[in-house]
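**Student:** One structure is given below, represented as structure tokens, and several questions about it will come after.
The values are calculated or read from the model by the stated rules, or taken from the named source; none is laboratory data. The structure presented is a predicted model; accordingly, all values stated were derived computationally and were not measured. Cβ coordinates were reconstructed from backbone atoms using ideal geometry, including for glycine residues, and neighbour counts include every protein chain displayed. Quick note on the areas: whole protein, heavy atoms, side chains included, nothing else; ligands and nucleic acids left out. Shrake-Rupley method; radii C 1.70, N 1.55, O 1.52, S 1.80 Å.
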Amino acid sequence: MAMKPRRLARAFIWVLASLAIFLIFVVFDWYPTVKELGRLRREQRDVILKIKNFTAMASSFVFPDEEEKSHFVKSHADLYKLLMQADDDAPWLNRMLSWLRWQAEADKVDGALLLFSSEPGGMVAPGVRLTGQTPMADWLAGQQQDIQESLKEASYPGRFPWGGVFASPEFIAEHRLAGRPLAIAIEARLPVLLNFINHCSWDYGRLEIVRIRLEAGASLPWAWLVLRGYYLVRGPSPWTMQEGTGSDAGLLVDPDSPLLWQKVDPGTVYRVKKIELPAAASRGGK
Amino acid sequence: MEEKAGLPMNHLQHRRSRPILPLVFFLILGSVSVLLHVEKARRQKRVQAVNEQFSALVRARPIEEAKAERARFYGIQYYLGYPLAVSYAVSDFILRLSAITPSGQLHDLQVDPRVRDFGFALTVGIAAGGREAARQAFASIYDRMQDFPEITRISFSESDPAAAAAGGRQVYCFAVSGQVEWQ
């Protein structure tokens with residue numbers, strides 16, 4: 001009779017041990033494997049769906065032919081040609097300085113000063129006179145902080161919107177793309193000032209406007225504008241853009257656009273021309 | 001009942017079968033595991049095969065590559081015209097703004113161009129005998145600004161009471177900000 005409880009206890013331990021082993025199998029092997037099987041099934045289903053969609057897409061997609069490929073090559077060449085190539089930053093800066101000086105004189109700007117820093121976020125140098133006198137010294141002193149901030153912002157890689165345009169091996173091979181902001185402080189009558197703003201991008205260097213601030217001055221309007229230009233540099237430069245910098249041109253073309261399904265036609269691309277501003281008197285709201 | 005060494009026979013048989021039971025138990029558990037792992041390996045191979053099939057398809061008909069090349073083509077065309085277009089759009093906007101604002105009332109203006117649009121912020125200062133007169137004068141400018149077809153967003157706020165005095169009359173300042181879609 002004394003044997004029975006002991007046998008019962010042994011059987012109970014047996015059942016417990018078996019259950020524990022069973023649970024170990026379930027938790028550490030079966031469950032993860034079944035989970036993985038589910039994931040693999042979903043993955044397989046997704047890829048099969050992708051193949052189906054891709055096949056359907058490919059049947060209606062117009063693939064580039066030789067003619068279209070030649071348009072691609074030409075547009076790359078146009079872009080490459082537009083960018084000045086130099087060993088370091090100085091030639092580009094000199095070129096922009098002489099261009100802006102010429103334009104300021106041609107537009108009969110009363111006073112203009114070029115401001116820049118030697119490295120991104122660096123202190124702005126005292127400035128190089130472009131034309132005329134610089135009587136706005138007091139005003140400029142008050143604006144120094146904002147100009148400095150704007151130059152810093154303009155050299156910040158996140159503000160570079162042409163990541164997709166310049167994403168090409170030819171810009172990485174021999175030269176590196178550099179983007180440098182410049183600031184110009186101007187004093188001139190409003191029509192002259194606006195003409196200068198309109199003309200400042202007309203050089204082949206294509207300076208793009210990043211910010212304009214205009215104030216009613218003592219006798220003439222005062223303004224400063226921050227511009228940014230790009231060039232290719234062979235040597236080391238603090239202004240070089242890292243590969244993959246910036247956004248993809250603010251999603252210039254929607255990746256799902258039907259435009260990308262057809263051959264490109266350069267004839268349909270709108271060409272921006274150099275246009276003079278109309279006379280102020282005839283301008284209204286509409 | 002037949003007895004051996006003082007123990008009943010069925011008890012002896014039971015004791016002999018006892019080592020087999022755990023073995024069977026482990027065998028069943030192990031078999032289930034093996035089956036699951038075999039199925040997993042089989043499915044992994046299948047997934048790999050369809051992935052390879054998809055990659056081969058993409059390599060053979062590079063749709064995304066062609067789309068990226070076209071997007072870049074349009075991007076380059078846009079970039080080539082962008083500096084000229086934005087310079088004109090901004091200067092033209094300021095010109096028209098100055099045309100609807102009486103001389104000396106446009107105190108300051110800031111324009112921040114972006115790829116497709118630009119933000120603007122300006123202060124209009126109106127010297128008037130009273131707040132109501134200043135508001136009326138500002139309303140006329142603001143209404144005309146709203147007629148600019150390219151302005152997509154515009155709002156204004158009135159600054160604190162008369163900021164300065166001009167010829168005995170107080171100057172009331174109004175800050176206008178907005179966005180222009182120039183492209």
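**Student:** Is it the case, given these coordinates, that B:Gln179 is modelled with pLDDT of 95 or more and not in a helix (DSSP H, G or I)?
**Tutor:** Judged against the criteria, B:Gln179 is a match.
**Student:** With (1) in contact (Cβ under 8 Å) with a residue 60 or more places away in the chain; (2) open to solvent by 40 Å² or more (accessible area, probe 1.4 Å) as the list, and A:Asp89 as the residue in question, which single condition is left unmet?
**Tutor:** Checking A:Asp89 against (1) in contact (Cβ under 8 Å) with a residue 60 or more places away in the chain; (2) open to solvent by 40 Å² or more (accessible area, probe 1.4 Å), the one that fails is (2).
**Student:** Can you tell me which residue is most open to solvent (accessible area, probe 1.4 Å) among those in segment B:135-148 that are assigned to a helix (DSSP H, G or I) and either within 7 Å of another protein chain (Cβ to nearest Cβ) or in contact (Cβ under 8 Å) with a residue 40 or more places away in the chain (or both)?
**Tutor:** This residue is B:Arg144.
**Student:** In segment A:57-79, which residues are of a type in the set (D, E, K, R), closer than 19 Å to B:Glu64 by Cα, free of Cβ contacts under 8 Å to residues at least 60 places away in the same chain and at the interface with chain B (Cβ under 10 Å from one of its Cβ atoms)?
**Tutor:** The answer is A:Lys69, and nothing else.
**Student:** Return the residue satisfying two criteria in turn: it lies in segment A:80-92 and is touching a Phe, Trp or Tyr at 6+ places or on another chain (Cβ under 7 Å) and assigned to a helix (DSSP H, G or I), and of such residues it is farthest from the other protein chains (Cβ to nearest Cβ).
**Tutor:** Selected residue: A:Trp92.
**Student:** Name every residue in segment B:85-116 that is more than 18 Å from B:Asp147 (Cβ to Cβ) and surrounded by fewer than 21 Cβ atoms within 10 Å (Cβ to Cβ), in order of residue number.
**Tutor:** If the condition is that a residue be more than 18 Å from B:Asp147 (Cβ to Cβ) and surrounded by fewer than 21 Cβ atoms within 10 Å (Cβ to Cβ), then B:Ala85, B:Ser103, B:Gly104, B:His107, B:Asp108, B:Gln110, B:Asp112, B:Arg114, B:Val115, B:Arg116 are the ones that fit.
**Student:** Which residue, of A:Pro221, A:Pro120, A:Pro191, is touching a Ser or Thr at 6+ places or on another chain (Cβ under 6 Å) and at negative phi?
**Tutor:** So the residue among A:Pro221, A:Pro120, A:Pro191 that is touching a Ser or Thr at 6+ places or on another chain (Cβ under 6 Å) and at negative phi is A:Pro120.
**Student:** Sort out which residues of segment A:119-165 are among the hydrophobic types (A, V, I, L, M, F, W, C) and within 21 Å of B:Asp117 (Cα to Cα), and write them in order of number.
**Tutor:** A:Leu151, A:Ala154, A:Phe160, A:Trp162, A:Val165
**Student:** Being in a helix (DSSP H, G or I) and open to solvent by less than 40 Å² (accessible area, probe 1.4 Å) narrows it down to one residue among A:Ser98, A:Ser70, A:Ser75; which is it?
**Tutor:** A:Ser75
**Student:** Sticking with this structure for a sec: Of the conditions (1) within 9 Å of chain B (Cβ to nearest Cβ); (2) at pLDDT 75 or above; (3) in contact with a helix residue (DSSP H, G or I) (Cβ under 9 Å, 6 or more places away or on another chain), A:Ile184 fails just one. Which one is it?
**Tutor:** In the conditions (1) within 9 Å of chain B (Cβ to nearest Cβ); (2) at pLDDT 75 or above; (3) in contact with a helix residue (DSSP H, G or I) (Cβ under 9 Å, 6 or more places away or on another chain), A:Ile184 misses (1) alone.
Yes or no, residue by residue, for (1) under 27 Å from the mean Cα position of the chain (by Cα); (2) hydroxyl-bearing (Ser, Thr, Tyr); (3) at pLDDT 90 or above:
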site: B:His11; (1), (2), (3): no, no, no
site: B:Leu23; (1), (2), (3): no, no, no
site: B:His37; (1), (2), (3): no, no, yes
site: B:Arg42; (1), (2), (3): no, no, yes
site: B:Gln48; (1), (2), (3): no, no, yes
site: B:Glu52; (1), (2), (3): no, no, yes
site: B:Val58; (1), (2), (3): no, no, no
site: B:Ala68; (1), (2), (3): yes, no, no
site: B:Ser98; (1), (2), (3): no, yes, yes
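**Student:** I would also like to ask the following. Quick one: which of A:Lys50, A:Lys35 is under 30 Å from B:Arg72 (Cα atoms) and either within 14 Å of chain B (Cβ to nearest Cβ) or within 32 Å of the chain's Cα centre (by Cα) (or both)?
**Tutor:** Only one candidate passes the filter, namely A:Lys50.
**Student:** Would you please list the contacts, defined by Cβ atoms under 7 Å and residues six or more apart or on different chains, that run from a residue in segment B:45-74 that is within 18 Å of A:Arg41 (Cβ to Cβ) and open to solvent by 30 Å² or more (accessible area, probe 1.4 Å) to a residue that is modelled with pLDDT of 90 or more and not charged (D, E, K, R)?
**Tutor:** B:Arg46/A:Gln44; B:Asn51/A:Val47; B:Gln53/A:Ile51; B:Phe54/A:Val47; B:Phe54/A:Ile51
**Student:** Among what's in segment A:6-21 and is of a type outside the set (S, T, N, Q) and open to solvent by less than 80 Å² (accessible area, probe 1.4 Å), pick the residue that is nearest to the other protein chains (Cβ to nearest Cβ).
**Tutor:** A:Ile21
**Student:** Restricting the search to segment A:213-222, which residues are facing another protein chain (nearest Cβ under 7 Å), touching a helix residue (DSSP H, G or I) at 6+ places or on another chain (Cβ under 8 Å), surrounded by fewer than 24 Cβ atoms within 10 Å (Cβ to Cβ) and not acidic (Asp, Glu)?
**Tutor:** Across segment A:213-222, the qualifying residue is only A:Arg213.
**Student:** If I ask for residues that are within 7 Å of chain B (Cβ to nearest Cβ) and open to solvent by less than 50 Å² (accessible area, probe 1.4 Å), which ones from segment A:38-47 would you list?
**Tutor:** Answer for segment A:38-47, where residues must be within 7 Å of chain B (Cβ to nearest Cβ) and open to solvent by less than 50 Å² (accessible area, probe 1.4 Å): A:Leu40, A:Gln44, A:Val47.
**Student:** Out of B:Ala68, B:Ala56, B:Ala99, B:Ala121, I need the residue that is over 26 Å from A:Glu68 (Cα atoms) and more than 7 Å from chain A (Cβ to nearest Cβ). Which one?
**Tutor:** Among B:Ala68, B:Ala56, B:Ala99, B:Ala121, only B:Ala121 is over 26 Å from A:Glu68 (Cα atoms) and more than 7 Å from chain A (Cβ to nearest Cβ).
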